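The values are calculated or read from the model by the stated rules, or taken from the named source; none is laboratory data. Keep in mind that this is a model prediction, so the values were computed, not measured. Here the Cβ is made from the backbone with ideal geometry for all residues, glycine too, and neighbour counts use every protein chain on show. Ligands, DNA and RNA are excluded from the accessible area calculation, which covers all protein heavy atoms including side chains. Shrake-Rupley method; radii C 1.70, N 1.55, O 1.52, S 1.80 Å.
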Amino acid sequence: MKKKDIPEFYRLLAERTPNPETELESVNDYTLLVAVVLSAQATDAGVNLATRDLFAKVRTPQAMVELGEEGLKQHIKTIGLFNTKAKNVIALSRILVDQYGGEVPQDRDALEALPGVGRKTANVVMNTAFGHETFAVDTHVFRVANRTGLAAGKTVLEVEKKLDKVTPQPYRRDAHHLLILHGRYVCKARKPECWRCVVAHLCRYQPKTPPPGTVPARLAKKG
């Protein structure tokens with residue numbers, strides 16, 4: 001993608017989705033952190049189903065510690081890797097109680113030091129909870145950034161750094177939400193829906209996917 005086209009790329013995505021936000025449900029910064037930890041290798045919808053009842057009862061690190069690992073497992077047993085995730089959530093909750101007065105730290109290093117929290121999770125929390133201009137690169141963002149040519153890279157970190165470099169204001173705060181939603185609902189992994197994509201004319205992906213029931217131009221010519 002040409003550098004001059006990047007502001008227009010984001011403008012069109014933002015015009016289509018004016019107030020992009022995470023689809024993970026939470027009631028405060030702490031429950032957001034828990035939800036993001038639980039979402040690793042799981043869908044947001046699946047996490048939301050598991051946490052609605054949990055977050056109605058448990059909204060603080062202290063309450064989570066009191067619930068305990070076995071109690072937490074009963075709430076999240078429908079989520080993949082729930083045993084490991086329960087262990088991590090209880091452990092990080094204890095740290096928040098003991099070291100941070102029950103508050104979620106805004107510092108990246110402090111977040112990444114928590115059990116079950118990697119760079120992507122830290123980026124999501126820093127951005128969504130605290131408004132930092134971070135770029136959380138999940139599978140959707142990685143795919144869209146590479147497929148469109150917005151920020152091509154072989155690793156998640158490489159894509160993150162390129163996004164940080166090329167993304168202009170006023171889109172830096174919402175960029176990763178815009179890209180996630182675009183990848184989840186339009187620029188899908190197996191078959192991107194190019195025919196209804198608002199940025200298709202700026203995207204380097206070829207050949208563009210035609211509408212259902214139509215013959216691709218390259219095949220029509222051969223016929």
Quiz item: Quick one: is Val159 among the hydrophobic types (A, V, I, L, M, F, W, C) and buried (at least 21 other Cβ atoms within 10 Å of the Cβ)?
Solution: yes
Quiz item: Which ones in the stretch 60-69 are acidic (Asp, Glu) and either under 17 Å from Val125 (Cα atoms) or surrounded by 15 or more Cβ atoms within 10 Å (Cβ to Cβ) (or both)?
Solution: Glu69
Quiz prompt | Odd one out for Thr78, checked against (1) within 20 Å of Ala129 (Cα to Cα); (2) of a type outside the set (Lys, Arg); (3) open to solvent by 80 Å² or more (accessible area, probe 1.4 Å) | solution = (1)
Self-check item: Given (1) crowded, with 20+ Cβ neighbours inside 10 Å; (2) of a type outside the set (Lys, Arg); (3) under 18 Å from Glu21 (Cβ atoms), number of the condition Leu150 does not satisfy
Solution: (3)
Exercise. Working carefully through the options Thr31, Thr43, find the one that is surrounded by fewer than 16 Cβ atoms within 10 Å (Cβ to Cβ), under 19 Å from the mean Cα position of the chain (by Cα) and of a type in the set (Ser, Thr, Tyr).
Key: Thr43
Practice problem: Kindly provide the set of residues from the stretch 99-117 that are in a loop (DSSP other than H, G, I, E, B), exposed (fewer than 13 other Cβ atoms within 10 Å of the Cβ) and on the phi < 0 side of the Ramachandran plot, ordered by number. | Solution: Asp107
Quiz item: What single numbered condition from (1) of a type in the set (Lys, Arg); (2) under 22 Å from Ala129 (Cβ atoms); (3) surrounded by 14 or more Cβ atoms within 10 Å (Cβ to Cβ) fails to hold for Lys57?
Solution: (3)
Exercise. Looking only at the stretch 115-127, count how many residues are touching a residue at least 24 places away in the same chain (Cβ under 8 Å) and touching a helix residue (DSSP H, G or I) at 6+ places or on another chain (Cβ under 6 Å).
Key: 6
Practice problem: Go through the stretch 1-28 and give me each residue that's acidic (Asp, Glu) and either under 26 Å from Val65 (Cα atoms) or open to solvent by 70 Å² or more (accessible area, probe 1.4 Å) (or both). | Solution: Glu15, Glu21, Glu23, Glu25
Practice problem: Identify, from the list Thr209, Thr214, the residue that is of a type in the set (S, T, N, Q), over 23 Å from Glu21 (Cα atoms) and out of contact with any Lys or Arg (no Cβ under 8 Å at 6 or more places or on another chain). | Solution: Thr214
Quiz item: If you scan the stretch 121-133, which residues turn out to be among the β-branched types (Val, Ile, Thr) and either within 18 Å of Leu13 (Cα to Cα) or surrounded by fewer than 24 Cβ atoms within 10 Å (Cβ to Cβ) (or both)?
Solution: Thr121, Thr128
Quiz item: When the residues of the stretch 169-219 are filtered to those that are closer than 15 Å to Leu150 by Cα and open to solvent by 70 Å² or more (accessible area, probe 1.4 Å), which remaining residue is nearest to the chain's Cα centre (by Cα)?
Solution: Arg204
Quiz item: List pairs: first in the stretch 41-68 and closer than 15 Å to Thr31 by Cβ and aromatic (Phe, Trp, Tyr), second open to solvent by 70 Å² or more (accessible area, probe 1.4 Å) and modelled with pLDDT of 95 or more, Cβ under 6 Å, 6+ apart or cross-chain?
Solution: Phe55/Val27
Practice problem: Go through the residues of the stretch 86-98 one by one and say whether even a single one is assigned to a loop (DSSP other than H, G, I, E, B), at pLDDT 95 or above and more than 30 Å from Arg172 (Cα to Cα). | Solution: no
